[in-house]
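Participant: Structure provided below as C-alpha coordinates; questions to follow.
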Amino acid sequence: MKPEIQMFNIIAGFFLVVGVIYGVVTDWTEWVGVIALILCAGLGAMIGFYLWMVARKLPLRPEDDLDGEIEQQAGYYGAFTPYSWWPLWLGIASALIFLGTAVAWWIIAFGALFGVFAVVGWVYESFHGEHAR
Amino acid sequence: MPSDPVMGPVTRPNMVSVGTIVWLSSELMFFAGLFAIFFTLRAMRPDLWAERVPMLDVPYAAINTLILVISSVWCQLGVMKAEALQPSRTGSLLQVGKWGMREWYVLTYIFGAVFVSGQVAEYAKLVSEGITMSADAWSSVFYLTTGLHGIHVTAGLIAFLLIIGRTFTTRHYSHAQATGAVVTSYYWHFVDVVWIALFASIYLLGA
(Lines give C-alpha, C1' and ligand atoms only; values in the text may rest on other atoms or scores of the structure.)
Protein backbone atom coordinates (compact mmCIF):
# COMPACT_ATOMS: atom_id res chain seq x y z
CA MET A 1 0.00 0.00 0.00
CA LYS A 2 3.04 2.22 -0.39
CA PRO A 3 1.60 4.56 -3.07
CA GLU A 4 -1.47 5.34 -0.98
CA ILE A 5 0.58 5.97 2.14
CA GLN A 6 3.02 8.18 0.23
CA MET A 7 0.22 10.17 -1.38
CA PHE A 8 -1.34 11.09 1.96
CA ASN A 9 2.04 11.77 3.52
CA ILE A 10 2.85 14.17 0.66
CA ILE A 11 -0.46 15.97 1.37
CA ALA A 12 0.56 16.18 5.03
CA GLY A 13 4.06 17.47 4.28
CA PHE A 14 2.91 19.96 1.67
CA PHE A 15 0.27 21.59 3.88
CA LEU A 16 2.61 21.67 6.87
CA VAL A 17 5.20 23.59 4.85
CA VAL A 18 2.59 25.88 3.29
CA GLY A 19 1.02 26.49 6.70
CA VAL A 20 4.33 27.58 8.19
CA ILE A 21 5.09 29.79 5.16
CA TYR A 22 1.61 31.34 5.49
CA GLY A 23 2.27 32.04 9.16
CA VAL A 24 5.62 33.67 8.47
CA VAL A 25 4.26 35.77 5.57
CA THR A 26 1.28 37.00 7.63
CA ASP A 27 3.55 37.51 10.66
CA TRP A 28 1.41 35.00 12.66
CA THR A 29 -1.43 37.51 12.97
CA GLU A 30 -3.95 35.81 10.66
CA TRP A 31 -5.06 32.60 12.35
CA VAL A 32 -7.70 31.21 9.99
CA GLY A 33 -5.17 30.30 7.30
CA VAL A 34 -2.56 28.98 9.70
CA ILE A 35 -5.01 26.65 11.46
CA ALA A 36 -6.80 25.54 8.31
CA LEU A 37 -3.56 24.74 6.48
CA ILE A 38 -1.88 22.97 9.40
CA LEU A 39 -4.98 20.91 10.12
CA CYS A 40 -5.10 20.06 6.39
CA ALA A 41 -1.71 18.52 7.07
CA GLY A 42 -3.39 16.66 9.92
CA LEU A 43 -6.04 15.43 7.49
CA GLY A 44 -3.39 13.84 5.28
CA ALA A 45 -1.26 12.61 8.19
CA MET A 46 -4.24 10.91 9.84
CA ILE A 47 -5.06 8.80 6.79
CA GLY A 48 -1.40 8.20 5.94
CA PHE A 49 -0.63 7.03 9.47
CA TYR A 50 -3.68 4.78 9.57
CA LEU A 51 -2.87 3.14 6.23
CA TRP A 52 0.74 2.66 7.36
CA MET A 53 -0.48 0.98 10.57
CA VAL A 54 -2.79 -1.32 8.59
CA ALA A 55 -0.18 -2.09 5.91
CA ARG A 56 2.27 -3.36 8.55
CA LYS A 57 -0.17 -6.11 9.52
CA LEU A 58 -1.16 -7.15 6.01
CA PRO A 59 0.71 -9.05 3.31
CA LEU A 60 1.22 -7.41 -0.10
CA ARG A 61 -2.03 -7.04 -2.02
CA PRO A 62 -2.24 -8.17 -5.67
CA GLU A 63 -2.33 -4.51 -6.74
CA ASP A 64 0.99 -3.95 -4.95
CA ASP A 65 2.58 -6.75 -6.95
CA LEU A 66 3.80 -5.86 -10.47
CA ASP A 67 3.15 -9.46 -11.54
CA GLY A 68 -0.29 -9.56 -9.87
CA GLU A 69 -3.32 -10.92 -11.71
CA ILE A 70 -6.85 -9.50 -11.67
CA GLU A 71 -8.25 -12.84 -10.52
CA GLN A 72 -6.17 -12.68 -7.33
CA GLN A 73 -8.41 -9.86 -6.16
CA ALA A 74 -11.40 -12.17 -5.85
CA GLY A 75 -12.67 -12.88 -2.36
CA TYR A 76 -14.28 -11.23 0.61
CA TYR A 77 -14.51 -7.44 0.46
CA GLY A 78 -16.90 -6.76 3.30
CA ALA A 79 -20.54 -6.92 4.26
CA PHE A 80 -22.83 -4.99 1.93
CA THR A 81 -26.57 -4.55 1.80
CA PRO A 82 -28.03 -5.22 -1.65
CA TYR A 83 -30.29 -2.17 -1.31
CA SER A 84 -31.53 0.03 1.50
CA TRP A 85 -34.27 2.59 2.04
CA TRP A 86 -32.93 3.71 5.42
CA PRO A 87 -30.59 6.44 4.14
CA LEU A 88 -33.63 8.10 2.55
CA TRP A 89 -35.56 8.10 5.85
CA LEU A 90 -32.51 9.43 7.67
CA GLY A 91 -32.17 12.14 5.03
CA ILE A 92 -35.80 13.15 5.50
CA ALA A 93 -35.29 13.24 9.29
CA SER A 94 -32.21 15.48 8.90
CA ALA A 95 -34.11 17.74 6.51
CA LEU A 96 -36.92 18.09 9.07
CA ILE A 97 -34.43 19.02 11.80
CA PHE A 98 -32.83 21.66 9.58
CA LEU A 99 -36.26 22.92 8.57
CA GLY A 100 -37.03 23.22 12.29
CA THR A 101 -34.03 25.44 12.97
CA ALA A 102 -35.04 27.65 10.06
CA VAL A 103 -38.83 27.82 10.45
CA ALA A 104 -40.11 26.75 13.86
CA TRP A 105 -38.48 24.82 16.68
CA TRP A 106 -41.37 22.39 17.24
CA ILE A 107 -40.63 20.74 13.86
CA ILE A 108 -37.32 19.49 15.34
CA ALA A 109 -39.23 17.20 17.73
CA PHE A 110 -40.77 15.37 14.78
CA GLY A 111 -37.45 15.31 12.93
CA ALA A 112 -35.67 13.88 15.97
CA LEU A 113 -38.28 11.18 16.53
CA PHE A 114 -38.16 10.22 12.89
CA GLY A 115 -34.35 10.31 13.14
CA VAL A 116 -34.38 7.77 15.99
CA PHE A 117 -36.55 5.50 13.83
CA ALA A 118 -34.23 5.91 10.81
CA VAL A 119 -30.94 5.43 12.71
CA VAL A 120 -32.15 2.35 14.59
CA GLY A 121 -33.59 0.95 11.38
CA TRP A 122 -30.35 1.48 9.48
CA VAL A 123 -28.02 0.19 12.19
CA TYR A 124 -30.09 -2.96 12.75
CA GLU A 125 -30.95 -3.53 9.10
CA SER A 126 -28.64 -6.54 8.70
CA PHE A 127 -29.06 -7.74 12.25
CA HIS A 128 -32.67 -8.90 12.30
CA GLY A 129 -34.95 -11.00 10.17
CA GLU A 130 -33.96 -13.85 7.91
CA HIS A 131 -30.67 -12.33 6.70
CA ALA A 132 -29.32 -11.57 10.19
CA ARG A 133 -25.65 -12.34 10.71
CA MET B 1 -8.81 -4.05 11.76
CA PRO B 2 -7.98 -6.30 8.83
CA SER B 3 -10.83 -8.16 7.21
CA ASP B 4 -11.35 -11.80 7.93
CA PRO B 5 -8.56 -13.71 6.16
CA VAL B 6 -10.48 -16.99 6.16
CA MET B 7 -13.20 -15.51 3.96
CA GLY B 8 -11.10 -14.89 0.85
CA PRO B 9 -7.68 -15.34 -0.67
CA VAL B 10 -6.73 -11.68 -0.35
CA THR B 11 -6.31 -9.74 2.87
CA ARG B 12 -6.94 -6.05 2.48
CA PRO B 13 -7.75 -3.16 4.80
CA ASN B 14 -11.27 -3.28 6.14
CA MET B 15 -13.33 -0.89 4.01
CA VAL B 16 -15.48 0.28 6.91
CA SER B 17 -12.40 1.14 8.99
CA VAL B 18 -10.65 3.04 6.19
CA GLY B 19 -13.90 4.85 5.35
CA THR B 20 -14.32 5.85 8.98
CA ILE B 21 -10.81 7.29 9.12
CA VAL B 22 -11.37 9.26 5.90
CA TRP B 23 -14.62 10.61 7.33
CA LEU B 24 -12.89 11.48 10.63
CA SER B 25 -10.24 13.40 8.70
CA SER B 26 -13.07 15.53 7.30
CA GLU B 27 -14.35 15.95 10.85
CA LEU B 28 -10.92 17.32 11.66
CA MET B 29 -11.54 20.06 9.09
CA PHE B 30 -14.89 20.81 10.73
CA PHE B 31 -13.09 21.39 14.01
CA ALA B 32 -10.40 23.35 12.13
CA GLY B 33 -13.14 25.87 11.34
CA LEU B 34 -14.03 26.13 15.02
CA PHE B 35 -10.40 26.53 16.06
CA ALA B 36 -9.99 29.22 13.39
CA ILE B 37 -12.95 31.15 14.83
CA PHE B 38 -11.55 30.76 18.34
CA PHE B 39 -8.00 31.94 17.59
CA THR B 40 -9.12 34.79 15.33
CA LEU B 41 -11.42 36.22 18.01
CA ARG B 42 -8.75 35.66 20.64
CA ALA B 43 -6.27 37.69 18.55
CA MET B 44 -8.87 40.43 17.93
CA ARG B 45 -10.16 40.80 21.49
CA PRO B 46 -7.32 40.09 23.96
CA ASP B 47 -9.09 42.36 26.49
CA LEU B 48 -12.18 40.14 26.46
CA TRP B 49 -10.06 37.01 26.90
CA ALA B 50 -8.20 38.58 29.84
CA GLU B 51 -11.54 39.25 31.48
CA ARG B 52 -13.30 35.94 30.76
CA VAL B 53 -10.67 33.22 31.00
CA PRO B 54 -10.07 33.72 34.77
CA MET B 55 -13.80 33.04 35.28
CA LEU B 56 -13.33 29.45 34.14
CA ASP B 57 -12.97 26.68 36.70
CA VAL B 58 -9.83 24.99 35.34
CA PRO B 59 -9.43 22.20 37.95
CA TYR B 60 -13.07 21.21 37.42
CA ALA B 61 -12.63 21.05 33.64
CA ALA B 62 -9.33 19.19 34.09
CA ILE B 63 -11.04 16.45 36.12
CA ASN B 64 -13.77 16.26 33.48
CA THR B 65 -11.08 15.97 30.79
CA LEU B 66 -9.42 13.18 32.74
CA ILE B 67 -12.75 11.31 32.87
CA LEU B 68 -13.06 11.51 29.08
CA VAL B 69 -9.46 10.35 28.55
CA ILE B 70 -9.99 7.40 30.90
CA SER B 71 -13.16 6.48 29.00
CA SER B 72 -10.98 6.11 25.90
CA VAL B 73 -8.85 3.58 27.79
CA TRP B 74 -11.94 1.53 28.71
CA CYS B 75 -13.07 1.77 25.10
CA GLN B 76 -9.76 0.37 23.86
CA LEU B 77 -10.00 -2.55 26.31
CA GLY B 78 -13.46 -3.20 24.84
CA VAL B 79 -11.98 -3.13 21.33
CA MET B 80 -9.45 -5.80 22.29
CA LYS B 81 -12.35 -8.00 23.40
CA ALA B 82 -14.30 -7.23 20.20
CA GLU B 83 -11.28 -8.19 18.10
CA ALA B 84 -11.06 -11.42 20.09
CA LEU B 85 -14.77 -11.85 19.16
CA GLN B 86 -15.83 -11.95 22.80
CA PRO B 87 -19.06 -9.94 23.17
CA SER B 88 -19.90 -10.63 26.81
CA ARG B 89 -18.24 -11.59 30.07
CA THR B 90 -17.29 -15.18 30.81
CA GLY B 91 -17.11 -14.77 34.58
CA SER B 92 -19.05 -12.77 37.14
CA LEU B 93 -19.40 -9.01 36.93
CA LEU B 94 -16.66 -8.58 39.56
CA GLN B 95 -14.09 -10.53 37.53
CA VAL B 96 -12.94 -7.58 35.44
CA GLY B 97 -10.37 -9.68 33.56
CA LYS B 98 -13.15 -11.81 32.11
CA TRP B 99 -15.22 -8.91 30.87
CA GLY B 100 -16.29 -8.86 27.24
CA MET B 101 -16.70 -5.97 24.84
CA ARG B 102 -20.18 -5.21 26.19
CA GLU B 103 -19.07 -4.60 29.79
CA TRP B 104 -16.17 -2.34 28.73
CA TYR B 105 -18.41 -0.36 26.40
CA VAL B 106 -20.99 0.13 29.15
CA LEU B 107 -18.21 1.46 31.39
CA THR B 108 -17.05 3.75 28.56
CA TYR B 109 -20.63 4.94 28.18
CA ILE B 110 -20.88 5.77 31.90
CA PHE B 111 -17.65 7.79 31.84
CA GLY B 112 -18.71 9.59 28.66
CA ALA B 113 -22.10 10.38 30.17
CA VAL B 114 -20.40 11.79 33.28
CA PHE B 115 -18.29 14.03 31.02
CA VAL B 116 -21.33 15.44 29.20
CA SER B 117 -23.21 15.91 32.48
CA GLY B 118 -20.19 17.72 33.90
CA GLN B 119 -20.22 20.03 30.91
CA VAL B 120 -23.92 20.74 31.32
CA ALA B 121 -23.31 21.63 34.98
CA GLU B 122 -20.49 23.95 33.91
CA TYR B 123 -22.78 25.66 31.38
CA ALA B 124 -25.44 26.10 34.07
CA LYS B 125 -22.90 27.75 36.38
CA LEU B 126 -21.64 30.10 33.66
CA VAL B 127 -25.15 31.06 32.58
CA SER B 128 -26.07 31.79 36.21
CA GLU B 129 -23.13 34.21 36.23
CA GLY B 130 -24.62 35.98 33.22
CA ILE B 131 -22.34 34.45 30.58
CA THR B 132 -24.90 33.33 28.04
CA MET B 133 -24.23 32.29 24.47
CA SER B 134 -25.07 35.77 23.17
CA ALA B 135 -23.26 37.70 25.93
CA ASP B 136 -20.09 38.49 23.99
CA ALA B 137 -17.60 37.12 21.44
CA TRP B 138 -15.83 34.99 24.04
CA SER B 139 -18.98 33.33 25.32
CA SER B 140 -20.22 32.69 21.77
CA VAL B 141 -17.04 30.91 20.77
CA PHE B 142 -16.89 29.09 24.11
CA TYR B 143 -20.36 27.58 23.73
CA LEU B 144 -19.91 27.01 20.01
CA THR B 145 -16.67 25.01 20.34
CA THR B 146 -17.44 23.10 23.55
CA GLY B 147 -21.09 22.68 22.56
CA LEU B 148 -20.40 21.21 19.12
CA HIS B 149 -17.84 18.94 20.74
CA GLY B 150 -20.43 17.98 23.36
CA ILE B 151 -22.87 17.08 20.59
CA HIS B 152 -20.17 14.84 19.11
CA VAL B 153 -19.68 13.11 22.47
CA THR B 154 -23.45 12.67 22.79
CA ALA B 155 -23.60 11.16 19.30
CA GLY B 156 -20.80 8.81 20.36
CA LEU B 157 -22.84 7.76 23.39
CA ILE B 158 -25.79 6.97 21.11
CA ALA B 159 -23.44 4.98 18.87
CA PHE B 160 -22.26 2.98 21.90
CA LEU B 161 -25.86 2.14 22.79
CA LEU B 162 -26.55 0.95 19.25
CA ILE B 163 -23.36 -1.13 19.17
CA ILE B 164 -24.05 -2.66 22.59
CA GLY B 165 -27.63 -3.38 21.50
CA ARG B 166 -26.38 -5.11 18.37
CA THR B 167 -24.48 -7.70 20.41
CA PHE B 168 -27.84 -9.06 21.60
CA THR B 169 -29.19 -9.59 18.09
CA THR B 170 -27.06 -12.54 16.99
CA ARG B 171 -26.02 -15.74 18.71
CA HIS B 172 -22.67 -15.65 16.93
CA TYR B 173 -20.56 -12.50 17.33
CA SER B 174 -19.56 -11.85 13.73
CA HIS B 175 -16.76 -9.82 12.16
CA ALA B 176 -19.35 -7.33 10.95
CA GLN B 177 -20.31 -6.78 14.60
CA ALA B 178 -16.68 -6.40 15.67
CA THR B 179 -16.03 -3.92 12.84
CA GLY B 180 -18.88 -1.72 14.10
CA ALA B 181 -17.41 -1.80 17.60
CA VAL B 182 -13.91 -0.94 16.33
CA VAL B 183 -14.94 2.01 14.15
CA THR B 184 -17.03 3.43 17.00
CA SER B 185 -13.86 3.36 19.09
CA TYR B 186 -12.01 5.28 16.33
CA TYR B 187 -14.67 7.97 16.53
CA TRP B 188 -14.47 8.02 20.34
CA HIS B 189 -10.67 8.38 20.38
CA PHE B 190 -10.88 11.13 17.77
CA VAL B 191 -13.44 13.11 19.77
CA ASP B 192 -11.26 12.59 22.85
CA VAL B 193 -8.16 14.01 21.12
CA VAL B 194 -10.15 16.98 19.82
CA TRP B 195 -11.29 17.69 23.37
CA ILE B 196 -7.70 17.68 24.64
CA ALA B 197 -6.85 20.31 22.00
CA LEU B 198 -9.97 22.34 22.90
CA PHE B 199 -9.23 22.08 26.61
CA ALA B 200 -5.66 23.28 26.07
CA SER B 201 -6.83 26.19 23.87
CA ILE B 202 -9.75 27.35 26.00
CA TYR B 203 -8.64 26.64 29.56
CA LEU B 204 -4.85 26.39 29.61
CA LEU B 205 -3.68 28.86 26.99
CA GLY B 206 -5.11 31.78 28.93
CA ALA B 207 -5.50 35.25 27.56
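Participant: So if I average 1/r over every pair of distinct C-alpha atoms in region B:51-207 and take the inverse, what Kirkwood radius in Å does that give?
Facilitator: That comes to 16.7 Å for region B:51-207.
Participant: Of the heavy-atom accessible surface of chain B (probe 1.4 angstrom), what whole percent is carbon and sulfur?
Facilitator: 73
Participant: Would you mind getting the accessible area per residue of region B:16-204, heavy atoms of the protein chains only, 1.4 Å probe, in Å²?
Facilitator: 42
Participant: Take the Cα radius of gyration of region B:26-103 and divide it by 2.2 N^0.38 Å, with N its residue count; two decimals is plenty.
Facilitator: 1.77
Participant: Additional query: For chain B, what is the relative contact order in percent, using Cα pairs closer than 8 Å and at least 6 residues apart in sequence?
Facilitator: Once divided by the residue count of chain B, the mean separation gives 31 percent.
Participant: Based solely on its DSSP helices, what 222 nm [θ] is calculated for chain A when runs of n ≥ 4 H residues each add -39,500 (n - 2.57) and the sum is averaged over all residues, nearest 500 deg cm²/dmol?
Facilitator: -22500 deg cm²/dmol
Participant: How much length, in nm to one decimal, is gained on full extension between B:E122 and B:A50, taken as 0.36 nm per residue of separation minus their Cα-Cα distance?
Facilitator: 24.0 nm
Participant: Can I ask one more? Averaged over all directions, how much area does the convex hull of the C-alpha atoms of region A:2-64 cover when projected, in nm²?
Facilitator: Result: 4.1 nm².
Participant: On to the next question. Where the centroid of each part is defined by its Cα atoms, how far is region B:128-149 from region A:48-110 in Å?
Facilitator: Measuring centre to centre over Cα atoms gives 34 Å.
Participant: While we're here: When ligands, DNA and RNA are left out and all protein chains stay put, how many square angstrom of accessible area per residue does region A:2-64 have with a 1.4 Å probe?
Facilitator: 60
Participant: Just to verify a number: what accessible area does B:I196 come out at with the full protein assembly present, 1.4 Å probe, Å² rounded to tens?
Facilitator: 80
Participant: Here is a follow-up. Please state the charge dipole magnitude for region B:16-204, taken about the Cα centre, from unit charges on C-beta atoms (+1 on K and R, -1 on D and E), reported in debye and rounded to the nearest 20. Walk me through the intermediate numbers first.
Facilitator: Details: 10 positive and 10 negative charges, 144 e Å.
Roughly 700 debye for region B:16-204.
Participant: Hey, if you put +1 on the Cβ of every Lys and Arg and -1 on every Asp and Glu Cβ in chain B, which of B:S185, B:S25, B:H152 ends up farthest toward the positive end of that dipole?
Facilitator: The one lying farthest along the dipole's positive direction is B:S185.
Participant: Relative contact order (percent) for region A:1-130, with alpha-carbon contacts under 8 angstrom and 6 or more residues of separation?
Facilitator: Result for region A:1-130 is 20 percent.
Participant: Sticking with this one: For B:S26 paired with A:A79, estimate the spin-label separation in nm (one decimal), with each label point 7 Å from Cα along the Cα-to-Cβ line.
Facilitator: 2.3
Participant: So how much slack lies between A:E71 and A:F14, counting 0.36 nm per residue of separation and subtracting their Cα-Cα distance, in nm?
Facilitator: 16.8 nm
Participant: DSSP loop (so not H, G, I, E, B), at most 16 other Cβ within 10 Å: list which chymotrypsin sites (Phe, Trp or Tyr not before Pro) in region A:39-124 pass both filters. Please report the intermediate quantities before stating the final value.
Facilitator: Numbers: sites: A:F49, A:Y50, A:W52, A:Y76, A:Y77, A:F80, A:Y83, A:W85, A:W89, A:F98, A:W105, A:W106, A:F110, A:F114, A:F117, A:W122, A:Y124; in loops: A:Y76, A:Y77, A:F80, A:Y83, A:W85, A:W105, A:Y124.
Those that pass, being in a loop and sparsely packed, are A:Y76, A:Y77, A:F80, A:Y83, A:W85, A:W105, A:Y124.
Participant: Starting from the Cα of A:F110, move 7 Å in the Cα-to-Cβ direction to define the label point; list residues of region A:82-102 whose amide nitrogen is under 12 Å from there.
Facilitator: Within reach of a label on A:F110: A:93, A:96-97, A:99-100.
Participant: Please work out the FRET efficiency for the pair B:L148 and A:V120, using the Cβ-Cβ distance as r and a Förster radius of 25 Å; give the result to the nearest 0.05.
Facilitator: For R0 = 25 Å, the calculated efficiency reads 0.55.
Participant: Let me ask another. Restricting to DSSP loop positions (anything but H, G, I, E, B) with no more than 12 other Cβ atoms inside 10 Å of their own Cβ, which GluC sites (Glu not before Pro) remain in region A:66-131?
Facilitator: Taking region A:66-131 and a limit of 12 other Cβ atoms within 10 Å, the loop GluC sites (Glu not before Pro) found are A:E69, A:E130.
Participant: Relative to the Cα centre, what is the charge dipole magnitude of chain A, using +1 at the beta carbon of each Lys and Arg, -1 at the beta carbon of each Asp and Glu, and rounding to the nearest 20 debye?
Facilitator: Value, rounded to 20: 440 debye.
Participant: Let me ask something else. Going by a 1.4 Å probe on protein heavy atoms, which residues of region A:1-49 end up with at least 20 Å² less accessible surface in the whole assembly than in their chain alone?
Facilitator: Output list: A:W31, A:V32, A:I35, A:L39, A:L43, A:M46, A:I47.
Participant: A:T29: accessible area at probe 1.4 Å, nearest 10 Å²?
Facilitator: Its accessible surface works out to 90 Å², give or take rounding.
Participant: Something else: Treat every Asp and Glu Cβ in the protein assembly as shown as -1 and every Lys and Arg Cβ as +1, leave all other atoms uncharged, and give the resulting dipole magnitude about the Cα centre to the nearest 20 debye.
Facilitator: 820
Participant: Counting other Cβ atoms within 10 Å of each Cβ, which GluC sites (Glu not before Pro) in region B:88-146 have at most 14 and sit in a DSSP loop? Let's see the in-between values first.
Facilitator: Numbers: sites: B:E103, B:E122, B:E129; in loops: B:E129.
Of the GluC sites (Glu not before Pro), the ones in loops of region B:88-146 whose Cβ has at most 14 other Cβ atoms within 10 Å are B:E129.
Participant: How much mean residue ellipticity at 222 nm does chain B get from its helices, if each DSSP H run of length 4 or more adds -39500 (n - 2.57) and you divide by all residues, to the nearest 500 deg cm²/dmol? Kindly include the intermediate steps, with their values, before the conclusion.
Facilitator: Details: 6 runs with 146 residues, N = 207.
My calculation for chain B gives -25000 deg cm²/dmol from helical runs alone.
Participant: Of A:A45, B:V79, A:V20, which is farthest along the charge dipole of the protein assembly as shown in the positive direction, counting Lys and Arg as +1 and Asp and Glu as -1 at C-beta?
Facilitator: Of A:A45, B:V79, A:V20, it is B:V79.
Participant: Could you tell me the total accessible area buried at the B-A interface, probe 1.4 Å, in square angstrom to the nearest hundred?
Facilitator: The contact between A and B buries close to 3100 Å².
Participant: Could you work out how far apart the two model spin labels at B:L94 and A:V24 are, taking each label as a point 7 Å from the Cα in the direction of the beta carbon, and quote it in nm?
Facilitator: Once both label points are built, they end up 6.4 nm from each other.
Participant: For chain A, modelled as a GNM with alpha-carbon contacts under 10 angstrom, which of A:V103, A:V25, A:V54 fluctuates the most?
Facilitator: A:V103
The values are calculated or read from the model by the stated rules, or taken from the named source; none is laboratory data. As the structure is a prediction and not an experimental result, all values here were calculated from the model. Cβ: placed from backbone, ideal geometry, glycine included. Neighbour counts: every protein chain shown. The protein model used for the area step is the full one, side chains on, heavy atoms only, and it has no ligands, DNA or RNA in it. Shrake-Rupley method; radii C 1.70, N 1.55, O 1.52, S 1.80 Å.
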